[in-house]
1. Does any residue in region 74-88 that is within 11 Å of ligand 1 (Cβ to nearest atom) come within less than 6 Å, Cβ to Cβ, of a residue that is of a type in the set (S, T, N, Q) six or more places away or on a different chain, and which pairs are these?
2. Scan region 127-168 for residues that are within 16 Å of ligand 2 (Cβ to nearest atom) and either among the basic types (K, R) or in contact with a Cys (Cβ under 6 Å, 6 or more places away or on another chain) (or both) and report the count.
3. For region 7-25, give me the residue count where each residue is open to solvent by 10 Å² or more (accessible area, probe 1.4 Å) and either of a type in the set (K, R) or within 16 Å of ligand 2 (Cβ to nearest atom) (or both).
4. For region 116-234, which strands (runs of 3 or more DSSP E) that fit wholly inside it have 1 or more residues that are surrounded by fewer than 22 Cβ atoms within 10 Å (Cβ to Cβ) and out of contact with any Gly (no Cβ under 7 Å at 6 or more places or on another chain)?
5. Hey, can you tell me all the residues within region 26-47 that are surrounded by fewer than 21 Cβ atoms within 10 Å (Cβ to Cβ) and either closer than 21 Å to L157 by Cα or of a type in the set (A, V, I, L, M) (or both)?
6. Could you check how many residues of region 99-115 are open to solvent by 10 Å² or more (accessible area, probe 1.4 Å) and within 16 Å of ligand 2 (Cβ to nearest atom)?
7. Answer yes or no: is there a residue in region 21-28 that is in a helix (DSSP H, G or I) and either in contact with a strand residue (DSSP E or B) (Cβ under 8 Å, 6 or more places away or on another chain) or of a type outside the set (S, T, N, Q) (or both).
8. List every residue pair whose Cβ atoms sit under 7 Å apart, with the two residues 6 or more apart in sequence or on different chains, where the first one lies in region 23-34 and is under 18 Å from K131 (Cα atoms) and the second, anywhere, is hydrophobic (A, V, I, L, M, F, W, C) and open to solvent by 10 Å² or more (accessible area, probe 1.4 Å).
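The values are calculated or read from the model by the stated rules, or taken from the named source; none is laboratory data. Predicted, not measured: the structure shown is a model, and the values here were computed from it. Every residue, glycine as well, gets a Cβ built from its backbone with ideal geometry; the counts of neighbours run over all protein chains shown. Just so you know, the surface numbers come from the protein's heavy atoms only, side chains and all, with ligands and any DNA or RNA stripped out. Shrake-Rupley method; radii C 1.70, N 1.55, O 1.52, S 1.80 Å.
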Amino acid sequence: MKVDIIISADDIKSEKVKDKLVVVIDMLRATSVITTAVSNGCEKVIPVLTVEEAKEIASRDRSSFLLGGERGALKIEGFDYSNSPLDYTSEVVKGKTLIMTTSNGTRAIKGSLGAKHILIGAMINAEAVAKKLLEYKDDVVIVNAGTYGQFSIDDFLCSGYIIDCLKRHTEVELTDIATTAHYIYSQHEDIYSFIKFASHYNRIQELGLQEDLNYCCKKDITKVVPEYAEGVIK
Ligand code: 3SL
Ligand code: MG
């Protein structure tokens with residue numbers, strides 16, 4: 001199994017993801033939100049690029065559609081919830097459809113169209129993602145959402161952990177960037193000793209959202225692996 005990494009949503013090239021097994025990672029916080037919502041019984045998540053599109057879809061059935069996401073890490077005016085995974089409890093999401101737009105994560109998901117499978121990965125479901133990749137048995141491209149088109153330490157570290165999980169079960173052929181992600185993870189298995197240098201980690205901390213960070217840095221608290229197909233994540 002070959003494993004490669006793309007470092008941000010802006011760096012996705014369609015020929016790099018075409019027919020590949022893609023894992024999209026935005027551990028802070030979009031893919032942690034999606035994984036949490038689906039784990040807690042959300043029926044489906046519809047990722048969209050713009051606030052206007054999200055509001056238009058939600059207006060079709062306000063009783064079963066939830067609006068969630070962020071701009072600048074903050075709740076969007078008129079939305080039900082922000083991009084905090086802790087908002088998406090089973091009381092809130094059970095049986096609902098979440099319409100979601102975020103700065104980087106939803107862009108990375110939609111930018112990966114053309115892949116054979118698009119899995120949603122985070123620290124909280126990394127081991128389960130690795131197991132699903134082993135089931136699908138194909139070459140893997142880990143798409144890091146990154147932060148506003150830039151490389152982001154958080155997603156890279158999470159990629160390293162998923163590679164570590166894969167390596168425990170199979171032989172992997174890593175590109176240089178994938179080797180680097182795995183090396184950095186292997187030196188920082190506790191996560192905090194390296195993620196503390198990530199600019200986005202610090203932005204979320206400055207907003208007083210340490211509980212979100214603690215939650216998103218937990219490893220393997222769910223076995224749910226959401227998958228994006230035909231416009232919806234389930
Ligand atoms: O960029 C995204 O998609 C968000 O997850 C960023 S934030 O953590 O909500 O600011
Ligand atoms: Mg992010």
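1. If the second residue must be of a type in the set (S, T, N, Q), the pairs left are K75/S82; N83/T102; P85/S32; P85/T36.
2. The qualifying residues number 0.
3. Residues that pass the stated criteria total 9.
4. Correct list: 117-121, 227-229.
5. Within region 26-47, just I46 meets the criteria.
6. Counting residues in region 99-115 that are open to solvent by 10 Å² or more (accessible area, probe 1.4 Å) and within 16 Å of ligand 2 (Cβ to nearest atom) gives 5.
7. Taking every residue of region 21-28 in turn, none turns out to be in a helix (DSSP H, G or I) and either in contact with a strand residue (DSSP E or B) (Cβ under 8 Å, 6 or more places away or on another chain) or of a type outside the set (S, T, N, Q) (or both).
8. Close Cβ pairs (under 7 Å, with a partner that is hydrophobic (A, V, I, L, M, F, W, C) and open to solvent by 10 Å² or more (accessible area, probe 1.4 Å)) do not exist here.
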